[in-house]
Amino acid sequence: MMRAVLLGPPGAGKGTQAARLAEGFQVPAISTGDIFRANVGQGTELGLEAKEYMDAGLLVPDSVTNAMVRDRLMQDDAGEGFLLDGYPRTVDQARELDAMLVEMGVSLDVVLEITADVDEVTSRLLKRAAIEGRSDDTEPVIRQRLEVYAESTAPLTSFYRDRGVLVQVDGIGEIDEVTSRLVEAVKSHSS
Ligand code: AMP
């Protein structure tokens, strides 16, 4: 059981690692990017609203994103724990998450940050583009997403470090190795 957030730049391997950790710790992995992509695929109103921002490498507005996460966290399966992947992405979202957790009467056990340098993540994203064909994995959009990360999301490192819940994990290496590092980090912080 755990309540955790996974941070890290685009291309650091968050999605892959989130799926593994969620299975190992028996909690739902909640990826805002996946929820947005599913909505785009289904042509829902939420999807239509999100798509223009996603395709430009920009953040979907907080009003949309926060409401979506709130709904998801209030579902039964998140009651015993969850792993958030891709949320929060700004300090404002982190404060909003705080408010949701207070309402739920719970708190975060750990915030895991997967670290990887810009050159490494850029080359991984370009490889992924060739395999998955995600519409936001083109070079100019990748550059934009990395800028948004540096400007809006990177401040969350110190935000969560100040609270004593941050663990940084080196994201370079074999997928299994990185998973082991993350599992150790969770074990040393879970309640
Ligand atoms: P991801 O799959 O996490 O890389 O997310 C893909 C895209 O979805 C991002 O580039 C944003 O446009 C949007 N997105 C995902 N999570 C968030 C969030 N927490 N806040 C705003 N936009 C988000």
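The values are calculated or read from the model by the stated rules, or taken from the named source; none is laboratory data. Source: prediction; values computed, not measured. Quick reminder, even Gly has a Cβ in these numbers, built from the backbone with ideal geometry, and neighbours come from all protein chains shown. Heads up: the accessible areas ignore ligands, DNA and RNA and are worked out on the full protein's heavy atoms, side chains in. Shrake-Rupley method; radii C 1.70, N 1.55, O 1.52, S 1.80 Å.
For the chain, the solvent-accessible area of protein heavy atoms averages 49 Å² per residue (probe radius 1.4 Å; ligands and nucleic acids excluded). Most tightly packed first, judged by the mean number of other beta-carbon atoms within 10 Å of their residues, the peptides 127-134, 145-152, 109-116 read 109-116, 145-152, 127-134. What does a probe at D55 reach in the range 115-140, counting residues whose amide N is under 13 Å from the point 7 Å along Cα→Cβ? Answer for the range 115-140: 135-137.
In terms of the Cα gyration tensor, with a ≥ b ≥ c the square roots of its eigenvalues, is the range 39-191 rounded because a/c is under 1.5, prolate because a/b exceeds b/c, or oblate? Judged from the Cα gyration tensor, the range 39-191 comes out oblate (a/c at least 1.5, b/c at or above a/b).
Using the Cα gyration tensor of the range 15-84, with a ≥ b ≥ c the square roots of its eigenvalues, what is the shape: rounded (a/c below 1.5), prolate (a/b larger than b/c) or oblate (neither)? Here the range 15-84 falls in the prolate category.
Using a probe of 1.4 Å, the accessible surface attributed to R70 totals some 70 Å² when neighbouring protein chains are kept in position.
Computed over neighbours whose Cβ is under 14 Å from that of E23, the net charge equals -2, Lys and Arg +1, Asp and Glu -1. Working from Cα pairs under 8 Å separated by at least six residues, relative contact order for the range 11-64 is 17 percent. Between A154 and E103, the FRET efficiency from the beta-carbon distance, with R0 = 22 Å, is close to 0.20. How much net charge surrounds A185 when only the other residues with a Cβ under 12 Å from the Cβ of A185 are counted, with Lys and Arg +1 and Asp and Glu -1? Charge balance in the 12 Å sphere: -2. For the pair L48 and R161, label points projected 7 Å from Cα toward Cβ lie 4.4 nm apart.
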